1. Calculate, in nm to one decimal, what Leu116 and Asn142 gain on full extension: separation in residues at 0.36 nm each, minus their alpha carbon distance.
2. On a full-extension model of 0.36 nm per residue, what is the gain between Tyr86 and Gln56, subtracting their alpha-carbon distance, rounded to one decimal in nm?
3. Of all accessible surface on the chain at a 1.4 Å probe, what whole percent is carbon and sulfur?
4. Suppose every K and R has +1 on its Cβ and every D and E has -1 on its Cβ; what is the size of the dipole of segment 228-336 about the Cα centre, in Debye to the nearest 20?
5. Over 22 Å, how big is the tail of the calculated P(r) for segment 174-302, in percent of all Cα pairs?
6. For segment 253-312 and segment 130-151, what is the separation of their C-alpha centers, rounded to whole Å?
7. Could you sort Thr300, Thr207 by accessible area so the largest value comes first, with the probe set to 1.4 Å?
8. Show the residues, 5+ positions off or on another chain, whose built amide H is closer than 5 Å to the amide H of Val106.
Amino acid sequence: MKVAIVGASGAVGQEFLRVLDERNFPVDELLLFGSSRSAGRKYTFRDKEIEVKLLQHNDDFKGVDIAFTSAGAGTSKEFADTITKYGAVMIDNSSAFRMDADIPLVVPEVNPEDALNRPRGIIANPNCTTIQMVVALKAIENLTHIKRVHVSTYQAASGAGAAAMDELYEQYRQVLAGEPVTVEKFAYQLAFNLIPQIDVFTDNGYTKEEMKMYNETRKIMHSDVKVSATCVRVPALRSHSESIWIETERPVSVEEARKAFAEGEGLVLMDNPEKKEYPMPLFLAGKDPVYVGRIRKDLTNENGLTFWIVGDQIKKGAALNAVQIAEYLIKVKNIG
Ligand SMILES: NC(=O)c1ccc[n+]([C@@H]2O[C@H](COP(=O)([O-])OP(=O)(O)OC[C@H]3O[C@@H](n4cnc5c(N)ncnc54)[C@H](OP(=O)(O)O)[C@@H]3O)[C@@H](O)[C@H]2O)c1
């Protein structure tokens, strides 16, 4: 495979290099792209140094089989035609195309076949919080239809990119040193704080991030499920956590849910209250699966169930999910 990574210097771009290597992805040639800020920089992939090329409107994507793009929605929109014009499949991490009717939005554990119908040569990777939530929801949806979801997210700093993660480190250092705190990547100081806003507000009072969880979940799951979300930035470095409440068509017992999560694709059950075992972001950064714990019956609704999930949002929430889509296309001989 001739593979390209657009946004190679970023948090997700760097994760692509690790995930492709870790999974032994069949790469014959790898091209890296960035803006003028990182063009010329070199990164090592499988003992070989590769120089970042400047992303331009030219023929650099001729012969490329798969392009993993993670350079923001504006870049994806501007360069989609350049990237796909010679037949490269563009697997895009940004929000640029996710809700377009002719662009599949894919989580391989849930709707892999949607990736086969891509009239524009583009497959969208969902929002990171949505990816990890639908992997867990699928295990229950297999038992009985989920009618509604209430979710509160606890999203790590690195969800806002590599520079945001550096800013959190720096803020902690500044606070402890008694220095003025630098605030650039977030609306407020995040160190020692929580910020109940991710992305901009929309007309209904929900943020764009919260509306992504509503709309993308329905598209991926082909479902009429309703999702009400509150998305919060927390001063964790990496891995998003979510407190999820669902209402199902028929009651699901805790035992039944535990079994479904334990057997669910892409999931690990970590639910042992007596031993204080439950998923936590500090300990699950860099892991592939979505971890589920704190499974309880809802006390106010017979058809309600509540649980807690943690997933590495740079990995399963971005790079890993995209690579798994590519692996699926290879497996069903739909590419290459
Ligand atoms: N971080 C996450 O957890 C996460 C999860 C899911 C999806 N995403 C999405 O993935 C994308 C990247 O996020 P990130 O966290 O990796 O951000 P990041 O760390 O800020 O990296 C952004 C990358 O985009 C590149 N870039 C920006 N403008 C460009 C241009 N005009 N031409 C070429 N490259 C350009 C940057 O290259 P230079 O260094 O050269 O500027 C850099 O490599 C975003 O769309 C984000 O929404 C992120």
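The values are calculated or read from the model by the stated rules, or taken from the named source; none is laboratory data. What you are looking at is a predicted structure, and each value in this text was computed from that prediction instead of being measured. Cβ placement follows ideal geometry from the backbone for every residue including glycine, while neighbour counts extend to all protein chains displayed. Just the protein is used for accessible areas: all its heavy atoms, side chains included, with ligands, DNA and RNA removed. Shrake-Rupley method; radii C 1.70, N 1.55, O 1.52, S 1.80 Å.
1. That works out to 7.1 nm of additional length.
2. Difference between extended and current length: 9.3 nm.
3. Working: 7390 of 15020 Å².
Solvent-exposed carbon and sulfur of the chain make up 49 percent of the total.
4. On the way: 15 positive and 15 negative charges, 85 e Å.
Its charge dipole is roughly 400 debye.
5. Numbers: 4432 of 8256 pairs.
Tail of the P(r) past 22 Å holds 54 percent of the pairs.
6. A separation of 12 Å, based on Cα centres.
7. Thr300, Thr207
8. Ala124
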